[in-house]
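Here's the structure we're looking at; comments come further down.
The values are calculated or read from the model by the stated rules, or taken from the named source; none is laboratory data. What you see is a predicted model; the values in this text were computed from it and never measured. Here Cβ is always computed from backbone atoms with ideal geometry, including for glycine, and neighbour counts include all displayed protein chains.
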Protein chains: 4
Amino acid sequence: MKNLLINLDYQSRVPIYEQIVNNIENYVAVGILKEKEQIPSIRDMASSIGVNPNTIKKSYDILENKGIITTISTKGTFISENTKKATKEKIDREINNIKKSVQELTKLGLSLDDIIERIKK
Amino acid sequence: MKNLLINLDYQSRVPIYEQIVNNIENYVAVGILKEKEQIPSIRDMASSIGVNPNTIKKSYDILENKGIITTISTKGTFISENTKKATKEKIDREINNIKKSVQELTKLGLSLDDIIERIKK
Amino acid sequence: MKNLLINLDYQSRVPIYEQIVNNIENYVAVGILKEKEQIPSIRDMASSIGVNPNTIKKSYDILENKGIITTISTKGTFISENTKKATKEKIDREINNIKKSVQELTKLGLSLDDIIERIKK
Amino acid sequence: MKNLLINLDYQSRVPIYEQIVNNIENYVAVGILKEKEQIPSIRDMASSIGVNPNTIKKSYDILENKGIITTISTKGTFISENTKKATKEKIDREINNIKKSVQELTKLGLSLDDIIERIKK
DNA sequence: GTGGTCTAGACCACT
DNA sequence: GTGGTCTAGACCACC
C-alpha cells in the first residue's frame, strides 16, 4: 500500500477534511491511485499526517459518498471501480471555474486572447 | 442613488460581509459604480438585502480601508476617486484563479490548447 | 418552532444519528414539518433528546446532503423547499421493501392473497 | 454436495456471519437444502466465499444452536431433520417486515388497497 | 446564539 | 487491526 503524501494548508479557509478529500480525488484523477487499490487505514493516515482519526473518517465518508472509495468494515478502504467518472467531474469543475473567471474578465474589457497571454506568463 | 443588487450565497464558506465587499468591488471594477457616486446607507442596505446592519458596517469598514469608498459622516457613503486600483486587483484575482485551475488540468494531461478549446464552447 | 419528538431505540443496530434522520424524514413526509420551517438548533435538539451535539450535527449533515433540510450558518436550520421528493422517495423505499419480502414469501409457496390475509391480522 | 452460493453485502450493517446464517436458513426454508443433506466444511466454505474460517465457524455455531444444522465430528455438517421450524420463522420475519412498511405507508395516507395495487405492478 | 471544525479518547463488533 | 459510533468539550467565525 502506498504512503500517500497529503498536502495541507492549515491557514486555508478550506477545512482539513476537505483538503484531504481533494488530495485523494486528485490522486485518483491523475491515476496515482488506481481502482481497487487499498488506501491507508483511518488510524495510519491520521497518525502519518498528524490529525485526529475523526477528521480522516469524515474525509473518507465524503469520498465514499461521492463514490470515489469503498470501505469494507474490518477489511479496509479501497478505491472504487469506475473512477473515470471522478476524473471527468474534476475536469468539468475546473473548466467551469475558468469559464466563470473569463466571464468576469470579459466584463472588464479583456479579450480571450488578452487573458490567454496573461495566463502564459 | 442606485438600488444595488447584492448577490449572496448563504451556503458559501465566504462570510456574508466579505461577499458584500466583493459585490461592491466588482461593481466598481466593472464601472457600474462610478467615482464619487453615493451608495446606500448602512441601514438601507441592511434592510434591502435582509442582513444585520452590523454586517454591512463591517463590509463598509473594509471597503473604506481598501480605499474603495469614503464615508462622510452625516452626508453618506461614496465611491472614492481613483478606483482603477480596484479594477487591477480584481483582474489579478481572476487571472490567478484561472492559473490555478489550468495547473490542475495540466496535471491531468490537458494541454493549454485543449483547455482553451473547451473554454470557447 | 416546534419541539420535535424524536423516537430512539438505543438497543437497535441502527445508529442514533440515522434514527434521528429517519424521524425527521418521516415528519417531513407526513407533513408535520413543512417547507421553510425552522427546526431546533443543534444544541437544543442535542440537549432535548440527551445526545451529544456532534451526533445531531451528523444527522443534520446527512439530511442536508439528501436535500431535506438547508442550514444557514449562524441563522439556523430549515426544512428545504421541494420536499415532495422526500415523500415520494420514502414511499418508494417502503414499497420496495414490501416487494422484496413478498418475493421471498412467494418463493416459499405463499400467494399474494395469503400474504395480504396475514398482514391484516 | 452442493456448492452453495452465498450472497454477501460488505456494506451492510448486518455482520457477515449473520448474513451467512440468513443465507443458509433461506436455502433450507425454500427447500434448496433438504434434511440430512451435507453442507460444505468450514474450510471449504471459507475459501469458496473468501471469508475467514472463524466467521464461518461462528455462523455454523449459530445454525447448530438454532437446530438448523448438526455437526458430526470427523463426518461433516448436515441439515437437521425437522426443518419446518426454519420455514415458519422465515415467513414470520418477512410478514413482520411487510407489516412495518405498511404501517409507515398508512401514516402517509396510503390505504392497504393503494399499497396492494402498487405491489402488483 | 448559531453553525463549523477539530481533538482526544472511549467502547464496540467484526476478522 | 479495521472501521463505526458516540461523548465531552474546546475554539472559531459570524450575526
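Do the conditions hold for residue B:59, that is, is it under 30 Å from residue A:96 (Cα atoms), of a type in the set (Gly, Ala, Ser) and over 17 Å from the mean Cα position of the chain (by Cα)?
Criteria not met by residue B:59.
Hey, any hits in region A:114-121 for a residue that's facing chain B (nearest Cβ under 9 Å), surrounded by 15 or more Cβ atoms within 10 Å (Cβ to Cβ) and at pLDDT below 90?
Looking through region A:114-121, none of the residues is facing chain B (nearest Cβ under 9 Å), surrounded by 15 or more Cβ atoms within 10 Å (Cβ to Cβ) and at pLDDT below 90.
Does residue B:54 fit the bill of being within 14 Å of chain C (Cβ to nearest Cβ) and either in a loop (DSSP other than H, G, I, E, B) or within 16 Å of DNA strand F (Cβ to nearest atom) (or both)? It would help to see each step written out before you state the result.
Working: within 14 Å of chain C (Cβ to nearest Cβ): yes; either in a loop (DSSP other than H, G, I, E, B) or within 16 Å of DNA strand F (Cβ to nearest atom) (or both): yes.
In short, yes.
Kindly indicate whether any position in region C:83-96 is within 24 Å of residue B:9 (Cα to Cα), more than 10 Å from chain D (Cβ to nearest Cβ) and in a loop (DSSP other than H, G, I, E, B).
Yes: region C:83-96 contains one or more residues that are within 24 Å of residue B:9 (Cα to Cα), more than 10 Å from chain D (Cβ to nearest Cβ) and in a loop (DSSP other than H, G, I, E, B).
Checking the structure you have, find out if any residue of region B:31-39 is free of Cβ contacts under 8 Å to residues at least 60 places away in the same chain, under 11 Å from the mean Cα position of the chain (by Cα) and surrounded by 13 or more Cβ atoms within 10 Å (Cβ to Cβ).
Taking every residue of region B:31-39 in turn, none turns out to be free of Cβ contacts under 8 Å to residues at least 60 places away in the same chain, under 11 Å from the mean Cα position of the chain (by Cα) and surrounded by 13 or more Cβ atoms within 10 Å (Cβ to Cβ).
Report the residue count in region D:97-112 for those that are assigned to a helix (DSSP H, G or I) and more than 7 Å from chain C (Cβ to nearest Cβ).
4
Step by step: first the residues of region C:35-51, then only those that are assigned to a helix (DSSP H, G or I) and small (Gly, Ala, Ser), then the one that is farthest from DNA strand E (Cβ to nearest atom). Which residue is that?
C:48
Looking at region A:69-90 only, could you name the residues that are among the hydrophobic types (A, V, I, L, M, F, W, C), crowded, with 19+ Cβ neighbours inside 10 Å and either within 15 Å of residue A:19 (Cβ to Cβ) or touching a Lys or Arg at 6+ places or on another chain (Cβ under 9 Å) (or both)? Quick ask: steps written out before the conclusion?
From region A:69-90, those among the hydrophobic types (A, V, I, L, M, F, W, C) are A:69, A:72, A:78-79, A:86; that's our starting set.
Now restrict to residues that are crowded, with 19+ Cβ neighbours inside 10 Å: A:69, A:79, A:86.
Of everything in region A:69-90, those that are among the hydrophobic types (A, V, I, L, M, F, W, C), crowded, with 19+ Cβ neighbours inside 10 Å and either within 15 Å of residue A:19 (Cβ to Cβ) or touching a Lys or Arg at 6+ places or on another chain (Cβ under 9 Å) (or both) turn out to be A:79, A:86.
Being of a type outside the set (Val, Ile, Thr), modelled with pLDDT of 95 or more, more than 9 Å from DNA strand F (Cβ to nearest atom) and not assigned by TED's automatic domain parsing to the domain that holds residue C:92 narrows it down to one of C:27, C:60, so name that one.
C:60
Among the residues in region A:71-94, are any under 30 Å from residue B:89 (Cα atoms), in contact with an Asp or Glu (Cβ under 8 Å, 6 or more places away or on another chain), within 10 Å of DNA strand E (Cβ to nearest atom) and without any contact (Cβ under 8 Å) to a residue 60 or more places away in the chain?
No, because not a single residue in region A:71-94 is under 30 Å from residue B:89 (Cα atoms), in contact with an Asp or Glu (Cβ under 8 Å, 6 or more places away or on another chain), within 10 Å of DNA strand E (Cβ to nearest atom) and without any contact (Cβ under 8 Å) to a residue 60 or more places away in the chain.
Can you tell me which residues in region D:25-48 are over 15 Å from residue D:85 (Cα atoms) and either within 14 Å of another protein chain (Cβ to nearest Cβ) or of a type in the set (Phe, Trp, Tyr) (or both)?
Answer for region D:25-48, where residues must be over 15 Å from residue D:85 (Cα atoms) and either within 14 Å of another protein chain (Cβ to nearest Cβ) or of a type in the set (Phe, Trp, Tyr) (or both): just D:32.
For region D:85-95, check the following and say yes or no: at least one residue is in contact with a strand residue (DSSP E or B) (Cβ under 9 Å, 6 or more places away or on another chain), among the acidic types (Asp, Glu) and at pLDDT below 90.
no
Go through (1) in a helix (DSSP H, G or I); (2) away from chain A (no Cβ under 11 Å) and name the single condition residue B:74 misses.
(1)
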